[in-house]
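Just below is one structure, and these are the notes that go with it.
The values are calculated or read from the model by the stated rules, or taken from the named source; none is laboratory data. Remember, it's a predicted structure, so these values are computed and weren't measured experimentally. Cβ placement follows ideal geometry from the backbone for every residue including glycine, while neighbour counts extend to all protein chains displayed. Note: accessible area is taken over every heavy atom of the protein model, side chains too, but ligands, DNA and RNA are not part of it. Shrake-Rupley method; radii C 1.70, N 1.55, O 1.52, S 1.80 Å.
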Amino acid sequence: MNRRQLLAGGAGLAMASAAQAQTRFRDLPEAASNDSPNTQVPPRPSNGPDYNPVVTLNGWSLPWRMNGNVKEFHLVAEPVERIMANGMMARLWGYNGQSTGPTIEAVEGERVRIYVTNRLPEHTSVHWHGLILPSGMDGVGGLSHPAIPPGKTFVYEFDLTKSGTFMYHPHADEMVQMAMGMMGLFIVHPRDPSFMPVDRDFAFLLAAYDIDPGTYIPRVAEMTNFNMWTWNSRIFPDIDPLVVNKGDRVRVRCGNLTMTNHPIHMHGYDFEVTCTDGGWVPESARWPEVSIDIPVGAMRAYEFDAIHEGDWAIHCHKSHHTMNAMGHDLPTFIGADKRKLTGMIRKETRGYMPMGTAGMADMGEMSMELPENTIPMMTGWGPYGPLEMGGMFSVVKVREGIAPGDYSDPGWYENPPGTEAWEWTGELPEEARNTSPDTIISPRDHVRRG
Ligand SMILES: [Cu+2]
C-alpha cells in the first residue's frame, strides 16, 4: 500500500474519539498527502472568499472542503521521508507526507475546523502559534486538552479573528517532535483583498536538525550543536529560488522554529518588516532594513518593490548556517604547511588531499569522497563557479517579463555589458598602508580640532 491508500484506509478508525463525537459531521475530509519536495504553487481558491495564495518554498498548501460555512482541513501527524537535497534524505516526523507540513491558508473572519489524526508512535498536539482562539483550542497537551493518543483524531475548531502570518507545531514532547521536523505555516489572508496586496507572497520556516553524515534520523536531544540548517527542511543548493517579475510587490514571510536566532539577509534591496506573528506593523512603525533578525519562536514578513533586476542572494548571515553537515568540527589549518604530513598520510591512504591551508574555499570545488547520505559542506555552482554555500541560502531572481503565477527557474542572470566587476590589468595606484598600532587622526580631523 502506498501512503495515500494507507491514509484513505485508516480514515475511519478515529470516529470514536470524544472530540470527534461532539461534531455533527460523520466523515473526515480527505487527508491529502504529498511527497514531492518541489514548490507547488497553489491555485486561486475555487470556493470561499478570494485571496492571493502564498508560495511555500519547496512546499505546498493543504486542500480543504467547505462544510456549510466552516472550512475543514485534515492534518495527519506521521513519519515522513524528506529529500533535504539531492543525495541527502532525512527520516523525519511531519504532516501529510512532508516536513515541514503543508501550509494552511484561510481568510480572516472564517471559521476553521481542523481534524488532526495522530499516526506517530507517541501522543501529540497542535499549537496554533499567534492565533487568537479559545483556551481549549490552544493545543498545549495536558493544559489546553489531553494530548492526542496514537491512532486517534482530535478536532480543533475556531474563528480566525485576524489576518497575518502564523505557524503550527506540536506542544507535546516538543523537544523531540520539533527536532524531528513537525511544523507548518498558517497564513490568514485579510478579508479585504485591497488590504496590503502583493503580487508574490513567499513563505518558509527555519528548521534545524542534527543528522550525522552517513545517518538518516536527527539526534533529538540536541540543544545547540545542530548541523543541518534548513528552510522548510531543504538545504542549498536545493532550496528553490524566489522567482519574481520585475516591478512586482513582493512579501517574504519567515518563521523560526530552531533553537537560535537567524539574521536573514537579502541582497540588492532595502525593505521593511510589515507583519509579525503578532499582526501587521503600522506604516509609522516600520524602518528600512537589509537584514532581519528572526528570534526563536517568532515570525517576520517583509516587503519590497522588485525594481532591481538580477540574481540576489538571500541567506542567513550566520556563516555556519550556510554550511552543510560536513563543515562542522573541522580543525583550522590556515597557514600550516601540511606537505610533510601529506607525504606521510599518502603512504597509508592513496590520493589523500591536504585541504584548508589557504582557507577552505577549495572545499567548494572539490568532490571529496563523502559518507553516504550527506552532501558537501559548501557547494552549489553559479554561472561563474562554486558558490561555496550550503544550508540557509537561496537566490531571489528578478527578471523582466515573468508571467503572473510563473515560478519556474529562469536560469542565471546575464549582467548587462559594463555592469560586472572585471579584472584590472593596468597600472595600480599606490597602496595606502597603516602599520601603526596607534589610532591615526586624519589631517582633516586634526585641523578641525585646532
Ligand atoms: Cu541562521
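Quick notes
- Mean accessible surface per residue for the chain, computed with a 1.4 Å probe while every protein chain stays in place, in Å²: 49 Å²
- The alpha carbons of the chain give a radius of gyration and a Dmax of 25.0, 88 Å, in that order.
- The residues packed around ARG111, meaning those with a beta-carbon under 9 Å from its beta-carbon, carry a net charge of -1 if Lys and Arg are +1 and Asp and Glu are -1.
- Summing charges over all other residues whose Cβ lies under 13 Å from the Cβ of MET89, with Lys and Arg as +1 and Asp and Glu as -1, gives -1.
- Degrees between helix 339-348 axis and first principal axis of the chain (Cα, 0 to 90, nearest 10): 50 degrees
- Local electrostatic count at GLY48 - Lys and Arg +1, Asp and Glu -1, tallied over other residues with Cβ under 9 Å: -1
- Tensor-based shape of the range 35-191 (alpha-carbon gyration tensor, a/c under 1.5 rounded, otherwise prolate or oblate): oblate
- Positive-end residue, the chain charge dipole about Cα centroid, Cβ charges, pick of LEU387, GLY405, SER442: GLY405
- Charge dipole magnitude, Cβ of K and R +1, D and E -1 - the chain, Cα centre, debye nearest 20: 1040 debye
- Taking the 1.4 Å solvent-accessible surface of the chain as the whole, the part contributed by carbon and sulfur is 54%.
- Placed amide H near VAL281: partners under 5 Å, 5+ positions off or other chain: CYS275, THR276
- Look at the dipole of the range 47-142 built from charges on Cβ: of MET88, MET66, SER125, the Cα furthest out on the positive end belongs to MET88.
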